[in-house]
Each structure stands twice: as structure tokens, then as C-alpha cells.
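Right, one structure below, let's go through it.
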Amino acid sequence: MKKPVALWLDYELSIDTRKPVRTLTVILRTTGCQWRKCRMCGYWHESSPSVTQADILDQLRYALTTASPPNEDFILKLYTSGSFLDEREISSVTRRRIAQMLRQRRDVKKLIIETRPEYVNADALADLAHVELEVAMGLETADDFIRLEYIDKGFSFEDYKAAARLITDCGVTVKTYLLLKPPFVSERAAIEDVIKSAERVAQYSPIISLNLCNVQRHTRLEELWRRGYYRPPWLWSAVEAMKRIKEKSPHILLISDPVGAGQVRGPHNCGYCDKTVMEAIKRFNITQDSGILKGLNCDCRDRWQLIREFDDYLSGAIL
Ligand SMILES: [Zn+2]
């Protein structure tokens, strides 16, 4: 319990300078997300009821000591696979200790945390005062029906908006995760849903991260997938959605970390072009240049076009 679940270094485009910055991502082991109902999420399996607040501070110390990039400023992403602002996972005292640790370092330029909207309040944010902060929320979609019925997320768009306003009012940056292809949504409808959602959240969130749904172990989505009722999104769908979102809202910072791309459980195309498309998405992340996404092609693109056209007929959405 003294070491984090995972940690890794990467790059991300800074919202302030629009230049790539080093990032250190640390997944802390905590008591985990209290909701645990989202159909696609198996992250709470990484939690443990016996983790103490002292363990959490030790995990952070371990990460900063062993993995901080030497002589380089970086953004610290401190995730819990749950909600950083949930008192049951990370107490107010621990949050203040973490803020203190980070303020003493000159190399941590920003802290990014994740939380469900119900834990957002001015006091919880004040625990992290004087640390450049970004708060990410997994809205998944602006469509309440899809979020509540298909994902089982348990909060409304109104709840998200209230939390986003509060975060902004506290002088903190909002980042929003949208989910490409929740269960029970056709390929075409999934693309349209994230585009529509991005349009609706752009005014609350200067950063949108498009999460491409993948099939995690021990989830209800895995059961659907095993029975043939779910296929993860095509990478072409991600490319299409990103191009159109950027066209409609050029001012937002749009990123997508294609987790598990090219694998059968992750977002994938035909197998031949997956790596090229995935690398293009990664290049887009740090350049925001849509031209990178426009030049891609492969024979499987026609197949994807057909599926996109006929998926709705097969699912009965169009009769
Ligand atoms: Zn292909």
C-alpha cells in the first residue's frame, strides 16, 4: 500500500502556453470509487479497503522520488480511479498535506485531479489552494438518457454544469471526459453523441478529453462484449469525431488517449492501420492540428463507412 498502482511519464499540450509539457501520471491506490455502477468501469478493482491516509502520502512520496523527470518542470496527474475530492478516499487533511508537498517543489507546475461532480465544493477545492489546479470530471455524454440508462453514471447534466461553474468560479480549470461509444449505442449514434456533447460542454470546459471506450475486465460491459452485443469504437470514429469537434469549437483543447488501441478489447480498426491512426491521434493531441487527422486512409475505411450507415438499421433505430 506504500506504492501507487501505476505511474508513467508522458507529454501533454499546456492549455496556457499551447506547448507540449512533461506529465507524470500517478494512480494512487485508495479505498476507491463509492459509486461503482458504471457499466464500462472496472477501475475500482484496483482499490483496497485497508488503504490509510498515511499510505496515500507514502505513495505520492514514492512517485515523486522515483519518477519525477530530472531538471524539468512537469504537470502532475494524481488520479485515484475514483474521486480525489471524496473525503472517504482522500481526506481534507491529506489533500492539504499534498498541496503543501507540491508547493514546496518548484518543478510541479500544475496538479490535475479527477472527481465525480457531487464531491465538488469550495472547501474541498480550497484544500488545494495556491497549487495551479485542473479538475477533470467524467461526464461521458451530455445526453442524460444515455448517461443514466446506458452507462448508469448516476448524475445529470445539470449536476455536471453546477460543478463546472463552481470549479471555474474558484479560478480552477475544468477538463471534461466524453466517452466514445457507450454500450447500446450504434457506431453512428456514438459519433453524433460525442460531437453534440462537446458542443454543449465547450462553454463550461476549455479542455475536452475524448475517452475511447474499452472493455475492462469484470465489468457489465465485458458481459455484453462476450455475448457479442458490444464492439469497441472504430478508431475511424474517433478521428471523425475529433475532426468535427475541433471544427465546431476550435478554441477548445481537444485530446484523446487511445487506451488499448488496436486490441480486441480496445478501440480498433482492421489491424493494419491501427498503429498509424493511433500515432496520428497522439500527434494531434500535442499539436491540435486537424490536418494530421485528415490525411489518414486504409482499405478498412470503406467497411467502417458501411457499418456506420447500416448499424442503425441493424439495431432497429431506423425502420
Ligand atoms: Zn485499416
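The values are calculated or read from the model by the stated rules, or taken from the named source; none is laboratory data. Bear in mind the structure is a predicted one, so any value in this text is a computation, not a measurement. Positions of Cβ are backbone-derived with ideal geometry, glycine not excepted, and every protein chain shown enters the neighbour counts. The protein model used for the area step is the full one, side chains on, heavy atoms only, and it has no ligands, DNA or RNA in it. Shrake-Rupley method; radii C 1.70, N 1.55, O 1.52, S 1.80 Å.
Can you give me the number of residues within segment 57-109 that are in a loop (DSSP other than H, G, I, E, B) and open to solvent by 10 Å² or more (accessible area, probe 1.4 Å)?
Summing the residues that are in a loop (DSSP other than H, G, I, E, B) and open to solvent by 10 Å² or more (accessible area, probe 1.4 Å) in segment 57-109 gives 14.
Of Gly291, Gly295, which residue is surrounded by fewer than 17 Cβ atoms within 10 Å (Cβ to Cβ) and modelled with pLDDT under 95?
Just one listed residue meets the conditions, Gly295.
In this structure, is Gln34 under 22 Å from Cys213 (Cα atoms), among the polar types (S, T, N, Q) and either without any contact (Cβ under 8 Å) to a residue 60 or more places away in the chain or not in a loop (DSSP other than H, G, I, E, B) (or both)?
So Gln34 passes the test.
For the subset of segment 37-56 comprising residues that are surrounded by fewer than 15 Cβ atoms within 10 Å (Cβ to Cβ) and under 21 Å from the mean Cα position of the chain (by Cα), which member is farthest from Gln100 (Cα to Cα)?
Here the residue is Lys37.
Hey, could you check segment 6-27 for residues that are in a loop (DSSP other than H, G, I, E, B) and open to solvent by 20 Å² or more (accessible area, probe 1.4 Å) and say which is nearest to Ile112 (Cα to Cα)?
Ranking the candidates gives Ile15 first.
Any idea how many residues of segment 260-279 are within 9 Å of the ligand (Cβ to nearest atom) and more than 17 Å from Lys181 (Cα to Cα)?
The qualifying residues number 7.
Does segment 130-160 hold any residues that are under 17 Å from Ser209 (Cα atoms), outside any helix (DSSP H, G or I) and in contact with a helix residue (DSSP H, G or I) (Cβ under 7 Å, 6 or more places away or on another chain), and which are they?
Val135, Met137, Leu139, Glu140, Thr141, Ala142, Asp143 - these are the residues of segment 130-160 that are under 17 Å from Ser209 (Cα atoms), outside any helix (DSSP H, G or I) and in contact with a helix residue (DSSP H, G or I) (Cβ under 7 Å, 6 or more places away or on another chain).
Give all pairs with beta carbons closer than 8 Å in which a residue from segment 43-56 that is part of a loop (DSSP other than H, G, I, E, B) meets a residue that is of a type in the set (A, V, I, L, M, F, W, C) and at pLDDT below 95; count only pairs at least 6 apart in sequence or on separate chains.
Taking only residues 6 or more apart or on different chains, the pairs are Ser47/Cys33; Ser48/Met1; Ser50/Met1; Val51/Met1; Thr52/Met1.
Any idea which of Ile255, Ile292 is away from the ligand (no atom under 14 Å from the Cβ), closer than 22 Å to Gln216 by Cβ and among the aliphatic types (A, V, I, L, M)?
Ile255
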